Amino acid sequence: MKAKLVPLIIFISLLFAACSPSGTQPTEAAAIPPVIADASIIAEGRVEPIHFAKIAFTASGVISEVLVQEGESVTKGQPLIRLGDASDTNYAAAQLELVSAQQAINDLTNAAGADLAQVTIDLKDAQETYNKATHYLTYLQTSQKVPQTENRTFLIQTQRGWEYRTKTRNFKGPAPADWIIEAENDLALKKAKLDDAQRTYDRLKGGADAEQLIVLEARLNAAQAKVASFSVIAPFDGMVAQLHAKTGNSINAGEIAVTVADFSSWLIETTDLTEIDVVTLSEGGPVRVTLDAIPEASLNGVIESISQTYEEKQGDIVYAVTVTLDDSHPQLRWGMTAVVNFEE
């Protein structure tokens, strides 16, 4: 049995050796090209105008006039909506106060011209009176020949009995001390009157009384602000984007009446850039913007600002990045979805 197995084992071994690829070299594995990851940063945002204003009344009332329509172009300072009319007591009171404040300023200005003429005369008279008092005091203090009169009374005996007789003596000499004191007091009084006239002249020479004018101008400004609260005006050139007012409807103070926007320049604010993204960006960097609604449009822009504050969204720290567009498109609309590609 053992003798039969040996030739069988040898035969199997030879057969296996003949079938094995003993004379070939091992082949090398094919090289796999490296995969380069896309390093661009992409974010989404909404298109909105750079300049827009949602305008509200600061007073409550009934809308008397709507002077514009949605889509209408407006200029800075143009009235858009008015509140109140002659039947509105609050509006009538505001108009009356405005007229009264303006009239008070007119009265003060007109009166100032007439007052100044009289004040000029008063100042001239006060100056002349003061100069005379100064010269008189100097004369009394320096002259040795001041005319004086001395009266002496004597008691004498006559045929009718004892009588008083007065003798007057005229002479020249230094002024008595009490004369000088009286002249000094008079000069001080004249100086006070001169100073008062000078202050009055200084106050009026530029026109109306400056202090009173300031008070009246403050009153006028307050009256103008009160009247202005019954209307809204365009804060800049633009277009009426949205109108919430209708003639005859009531509106409350603080309630948005109209939205005005300047559609000549646009921005996009993205709010989903992570902390890893923003460290590679810088203000002024270029971007390319595409729009879901206008796929053929590709607009250039720049990074306007990168927020210094953050939000946490689903565990990620994200920052707002604002982009301004250098280009525009006639079909661009407020609120469109934009895809921003931040270029390196």
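Quick notes on this one:
- Globularity ratio of the range 259-344, using Cα Rg and 2.2 N^0.38 Å: 1.12
- Candidate aspartates and glutamates for bridging to Lys76, where Cα separation is under 13 Å - those fewer than 8 sequence places away on the same chain excluded: Asp237, Asp262
- In Hz, Karplus ³J(HN,Hα) per residue of the range 66-82 (6.51, -1.76, 1.60; θ = phi - 60°; x = Gly, Pro): 10, 9, 9, 10, 4, x, 7, 6, 9, 10, 4, x, 6, x, 10, 9, 10
- Spin-label pair Thr290-Trp334: with each label point 7 Å from Cα along the Cα-Cβ axis, the two points sit 2.8 nm from one another.
- Rolling a 1.4 Å probe across the protein heavy atoms gives the range 142-293 an accessible surface of 64 Å² per residue.
- Segment Tyr139-Arg152, length gained on full extension (0.36 nm per residue, minus Cα span): 2.0 nm
- Cut-off 13 Å between beta-carbons: net charge of the residues surrounding Ile294, Lys and Arg +1, Asp and Glu -1: -2
- For the range 103-177, lysine pairs with C-alpha atoms less than 22 angstrom apart, excluding pairs fewer than eight positions apart on the same chain, total 5.
- The stretch between Thr274 and Ile181 holds 24.3 nm of extra length on full extension. This uses 0.36 nm per residue minus the Cα-Cα distance.
- Positive-end residue of Ile180, Leu204, Leu216, charge dipole of the range 118-217 with Cβ unit charges: Ile180
- Rg over Rh for the range 121-167 works out to 1.45, using Cα positions for both radii and the Kirkwood form for Rh.
- Förster-model FRET efficiency, 41 Å R0, Ala218 and Asn131, C-beta, rounded to 0.05: 0.50
- Reachable aspartates and glutamates, given that their alpha-carbon falls under 16 Å from the alpha-carbon of Lys191 and they are not under 8 places away in the same chain: Asp122, Asp125, Glu128, Glu182
- Surface analysis of the range 45-110 yields an accessible area of 57 Å² per residue, using protein heavy atoms and a 1.4 Å probe.
- The range 237-317 - charge dipole about Cα centre, Lys and Arg +1 at Cβ, Asp and Glu -1, debye rounded to 20: 380
- For the range 215-269, the spherically averaged projection of the C-alpha convex hull amounts to 6.2 nm².
- Remark: relative contact order (the range 149-266) = 13 percent; criterion is Cα-Cα distance under 8 angstrom and separation of 6 or more residues.
- All-pairs Cα distance distribution in the range 298-342, expressed in whole percent, bin size 10 Å: 21, 45, 28, 7
- Per-atom-type breakdown for the range 197-344 gives carbon and sulfur 48% of the accessible area (1.4 Å probe, protein chains only).
- The range 57-170, relative contact order [Cα under 8 Å, separation at least 6], %: 13
- Computed over the range 88-227: relative contact order in percent, which uses C-alpha pairs under 8 Å that are six or more apart: 40
- Neighbours of Thr259 by Cβ distance under 11 Å: Lys/Arg scored +1, Asp/Glu scored -1, total 0.
The values are calculated or read from the model by the stated rules, or taken from the named source; none is laboratory data. What you see is a predicted model, and the numbers here were worked out from it, not measured in a lab. No Cβ is skipped: glycine too gets one built from the backbone with ideal geometry, and neighbour counts run over all protein chains shown. For the accessible areas, the whole protein counts, side chains as well, though only heavy atoms, and no ligand, DNA or RNA atoms are used. Shrake-Rupley method; radii C 1.70, N 1.55, O 1.52, S 1.80 Å.
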